[in-house]
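Accompanying notes for the structure given below.
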Amino acid sequence: MRTLGLTASAVLAAAAVALAATPGQAAPSSGATTAACTAGNTKLSVRTVSRPVNHDLLTLTNTGRTACNAYAYPFLRFDEDQAVTQAVEDSRPQAVVTLAPGGSAYAGIGLSAGDGSAAHGRTAEKLEVFLPDADGTSDSSATLTLPKGTWIDDSAAVTYWQSDPADALVW
């Protein structure tokens with residue numbers, strides 16, 4: 001009886017995950033582990049957006065043949081900075097963003113204080129993006145060329161991965 005109850009619970013849980021999957025996401029198959037998104041199974045791009053001001057949008061697209069998980073937020077390093085950019089903790093989604101093949105995840109990058117109040121403002125040319133795994137560590141990175149004239153300062157911050165670009169740019 002107990003085994004039957006656990007099996008039924010597992011089936012219900014898998015059905016709930018399948019129903020909760022949003023566009024651009026894939027529900028994991030029961031019993032299978034979805035790999036982390038890496039520089040080897042994805043493509044990264046960055047572009048400036050018109051709104052909100054002082055923001056770029058980072059896009060991660062699954063180029064592999066199986067689903068991958070975009071864990072937490074990308075660790076960003078501008079040019080030769082010694083530390084990665086801070087995360088916007090309030091942007092943490094309720095679940096890990098899972099990308100079906102061809103699907104994308106988005107992270108908003110707040111580049112600078114709109115009023116110029118933050119210190120150490122400068123023009124940045126490149127962005128190194130580290131993709132964390134389920135343990136929060138990263139051996140996978142890619143370097144992108146930033147849009148010309150990208151201005152950053154000490155207030156720069158990045159959101160957690162989102163399944164919708166509008167959600168990534170709310171912060």
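Considering only protein heavy atoms and a probe of 1.4 Å, how much of the accessible area of region 87-154 is carbon and sulfur, as a whole percent? Don't skip to the answer; put the middle values down first.
Details: 1660 of 3630 Å².
So the carbon and sulfur contribution to the accessible surface is 46 percent.
Rolling a 1.4 Å sphere over the protein heavy atoms, what is the accessible area per residue of region 86-136, to the nearest Å²?
Numbers: 2580 Å² over 51 residues.
Accessible area per residue, region 86-136: 51 Å².
Can you say what percent of the DSSP beta bridges in region 42-171, counting only those with both residues inside, are antiparallel? Round to 5.
Values: 33 of 35 bridges.
The antiparallel fraction comes to roughly 95 percent.
May I ask you to rank Thr63, Thr85 by accessible area, largest first, using a 1.4 Å probe over the protein chains only? Before the final figure, lay out the partial values.
On the way: Thr63 85, Thr85 15 Å².
The most accessible residue leads, giving Thr63, Thr85.
Which whole-angstrom value gives the distance between the alpha carbon centres of region 47-80 and region 90-129?
6
Within 10 Å of each candidate Cβ there may be at most 15 other Cβ atoms; applying that plus a DSSP loop requirement, which trypsin sites (Lys or Arg not before Pro) in region 52-148 survive?
Those satisfying the criteria are Arg65.
Using a/c under 1.5 as the rounded threshold, could you call region 127-171 rounded, prolate or oblate? The axes a ≥ b ≥ c are square roots of the C-alpha gyration tensor eigenvalues, and prolate needs a/b larger than b/c, oblate otherwise.
Details: a/c = 1.84, a/b = 1.18, b/c = 1.55.
Cα axes put region 127-171 in the oblate bin.
The values are calculated or read from the model by the stated rules, or taken from the named source; none is laboratory data. Computed from a predicted model, the values in this text were never measured in an experiment. With ideal geometry, Cβ positions are generated from the backbone for all residues, glycine too; neighbour counts draw on all protein chains shown. Note: accessible area is taken over every heavy atom of the protein model, side chains too, but ligands, DNA and RNA are not part of it. Shrake-Rupley method; radii C 1.70, N 1.55, O 1.52, S 1.80 Å.
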